[in-house]
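Enquirer: Provided herewith is a single structure, encoded as structure tokens, for subsequent inquiry.
Readers should treat all values here as calculations from the given coordinates under stated rules, not as data from a laboratory. Since the structure is predicted, the reported quantities are computational estimates derived from the model, not experimental observations. Every residue, glycine as well, gets a Cβ built from its backbone with ideal geometry; the counts of neighbours run over all protein chains shown.
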């Protein structure tokens, strides 16, 4: 895989909106709690989701089949810089201690279509 290097000034000129989002940390995700019960996780997830939005790390983890898959997702998001190393460590610890379902029940295929598009059907 080839890696393209670019200085900050050029990056800012070529991609002003992306540069602003990165510098303002608009996609920054804070992890401020560990939920040890599925019911608590579900309640918290539902109260934050009135309308569709960009998926969070928890949304990705809730699609995982098992703990191993969830750990792979965390490593991927950390490599991409979407979560910090500290956040990755906290998430991995929660999975190790409580399992991936501690983030909420598994979101099955069609979850978003059912939740957000059902009212749009003729």
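Enquirer: Sticking with the crude label model, points 7 Å out along Cα→Cβ, report the distance from residue 96 to residue 12 in nm, one decimal please.
Expert: That separation, rounded to one decimal, is 4.0 nm.
Enquirer: Once you place label points 7 Å from the Cα toward the Cβ at residue 89 and residue 109, how far apart are they in nm?
Expert: My value for the distance between the label points is 3.9 nm.
Enquirer: Please report 3, 73, 89, 57 as a ranked list, fewest other C-beta atoms within 10 angstrom at the top and most at the bottom. Mind showing how you got there, number by number?
Expert: Values: 3 4, 73 17, 89 14, 57 20.
Neighbour counts put them in this order, fewest first: 3, 89, 73, 57.
Enquirer: What FRET efficiency do you get for residue 82 and residue 38 if R0 is 41 Å and r is their Cβ-Cβ distance, rounded to the nearest 0.05? Could the numbers behind the result be given before it?
Expert: Details: r = 25 Å, r/R0 = 0.60.
According to the calculation, E is roughly 0.95.
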